[in-house]
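So the structure is just underneath, and the comments pick up after that.
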Amino acid sequence: MYPDSSLSDQKARFLRQHAENHLRSGSAPTSGGPLDGDALALLYDMARDPARSSDALRLLQELQVYQVELDLQWAQLEANEREMSRDLDHYRALFALTPSVCLLVSADGYVQDANAAAASLLGVRQHELPGRRLLDFLTPESHPAFDRLLGQLQAEEPVEGCEVWLTGSRDDPAMAQLSVSVSPGDNAVLLLVPGGESGKARDHSRQSD
């Protein structure tokens, strides 16, 4: 999708007008620094020639406006970066502190990030989770369902959650529901919502049937 040229032209005209207003008011930013020696020498030579002095003044004004435009753009980029950094810190804090179990898992099933609630549920230290396969924490009978989930993610198909059984550090597996939210990149946020049934309870239910 190509940008709207009319919108780009409007932004360029606004930036030019903004830069010219700064120059007229004497409040132009100077982060871009002065003109280099070659440019000044060229302008000096042109100004000494009566036939080209008006061109020199026009060129100097154009260079000044252009420099102010660059300074204004740079200031806006810095402001945008600061705002994005604040937003990122905010969402990382929410991810880390939420009581819900949250893991950021790549399309091939490796944990990239996890919060404290996830580490507690899986029975490992939080810093040990990145780089581990989530399959390592699932019972063998849960592997096919999780593999199907990853296949949907890799094929960019609608991804549905699934029921799995977690092993973690416990001898008795616990049921959990994987709720999946796909991120814009190649990752998926998996929310593990523990169920209320243990492996022993499941086996007892099967025997009763």
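Values quoted throughout were computed directly from the atomic coordinates according to the rules given, and no laboratory measurement underlies them. These numbers come from a predicted model, not from an experiment. Neighbour counts are summed over all protein chains in view; Cβ atoms, including those assigned to glycine, are modelled from backbone coordinates with ideal geometry.
Sorting Asp147, Asp89 on the 10 Å Cβ count, fewest up front, what's the list? Before the final figure, lay out the partial values.
Working: Asp147 13, Asp89 10.
With the fewest neighbours first, Asp147, Asp89 line up as Asp89, Asp147.
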Q | Virtual spin-label span in nm between Leu57 and Trp74, 7 Å along Cα→Cβ | A | 2.9 nm
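Counting other Cβ atoms within 10 Å of each Cβ, which trypsin sites (Lys or Arg not before Pro) in the stretch 73-176 have at most 14 and sit in a DSSP loop?
The qualifying sites are Arg125, Arg170.
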